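The values are calculated or read from the model by the stated rules, or taken from the named source; none is laboratory data. What you see is a predicted model; the values in this text were computed from it and never measured. In this analysis, Cβ positions are derived from the backbone assuming ideal geometry, glycine residues included, and neighbour counts consider all displayed protein chains.
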Amino acid sequence: MLASQSPRRRELLALLGLPFETAAPDVDEAPRAGEVPAALAARLSQAKAQACSNGHSIVIACDTIVAHEGQVLGKPRDKDEAVEMLRRLRGRSHSVYTAVTLLRKADNSILTDVAETLVIMRAYTDDELAAYVASGDPMDKAGAYAIQHPGFAPASDVQGCYANVMGLPLCHLTRCLCRWEVGPQQDVPTACQSHIDHCCTVYPSILNSK
């Protein structure tokens, strides 16, 4: 079970070749006072897994946090806030954290892994920014952007897992699944790179670490 209705996460999870269903968790995503981004992502992914645990042997839940200079940037409330976020990020770097939690119903075991990626945004113009916001694409995305958007292409460099910025770091998920002896049916790095059209240099270190 994937505890998410995100089409991006569904597409990425399908690359593992494992059958799955989806559900929409109902979780309060407000941060707690003093909670750092990685801890927030971990807590929310665990809460989402618990919210969708009934009747499923393994639940996979994720939460993605965009953070700039220590401040969490969630989904924009409106187009004005989307413009504000994108102006703030323009030409600067920020971090994206995705926590992946696996919950095994048989023994209530939980595994959580957090991926961190540094994203450097390009100096897109005001006109490019305005056209992107007008398209409506930023409105359901943390930080008000989709890194994979072909027209806007907001990032000039990505240091770390690219799929993490899309919402599901597949090699971190694979590492967790293998700890429970649930292996993917596909060559995950090859499938991921082909799907997102990005050459990844970090997957060996992720998959080979414990």
Inset, instruction - Select, from Leu44, Leu40, Leu13, Leu18, the only residue that is hydrophobic (A, V, I, L, M, F, W, C) and in contact with a Phe, Trp or Tyr (Cβ under 7 Å, 6 or more places away or on another chain). - result: Leu13
Inset, instruction - Inspect the stretch 194-203 for any residue being touching a residue at least 60 places away in the same chain (Cβ under 8 Å), closer than 18 Å to Leu18 by Cα and part of a loop (DSSP other than H, G, I, E, B) and give the result as yes or no. - result: no
Inset, instruction - Could you pull out the residue among Glu29, Glu81 that is more than 18 Å from the chain's Cα centre (by Cα) and among the charged types (D, E, K, R)? - result: Glu81
Inset, instruction - Determine whether Ala14 is modelled with pLDDT of 95 or more, out of contact with any helix residue (DSSP H, G or I) (no Cβ under 8 Å at 6 or more places or on another chain) and crowded, with 17+ Cβ neighbours inside 10 Å. - result: no
Legend entry - Check on Asp63, buried (at least 19 other Cβ atoms within 10 Å of the Cβ), free of Cβ contacts under 8 Å to residues at least 40 places away in the same chain and not hydrophobic (A, V, I, L, M, F, W, C): yes
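A quick yes/no check of all residues on (1) more than 28 Å from Ala51 (Cα to Cα); (2) in a strand (DSSP E or B); (3) touching a helix residue (DSSP H, G or I) at 6+ places or on another chain (Cβ under 8 Å):
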site	(1), (2), (3)
Pro76	no, no, yes
Asp80	yes, no, no
Arg87	yes, no, yes
Ser95	no, yes, yes
Thr101	no, yes, yes
Asp107	no, no, no
Asp113	no, yes, yes
Ile120	yes, yes, no
Ala130	yes, no, yes
Legend entry - Scope the stretch 140-158; condition in a helix (DSSP H, G or I) and out of contact with any His (no Cβ under 8 Å at 6 or more places or on another chain); matching residues: Asp140, Ala142, Ala144
Inset, instruction - Name, by its number, the condition in (1) of a type outside the set (Gly, Ala, Ser); (2) without any contact (Cβ under 8 Å) to a residue 24 or more places away in the chain; (3) under 24 Å from Ala191 (Cα atoms) that does not hold for Asp80. - result: (3)
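This table checks each residue for (1) touching a Gly at 6+ places or on another chain (Cβ under 9 Å); (2) in a loop (DSSP other than H, G, I, E, B); (3) modelled with pLDDT of 95 or more.
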site	(1), (2), (3)
Gln5	no, yes, no
Arg8	yes, no, no
Asp26	no, yes, no
Lys48	no, no, yes
Ser53	no, yes, no
Val59	no, no, yes
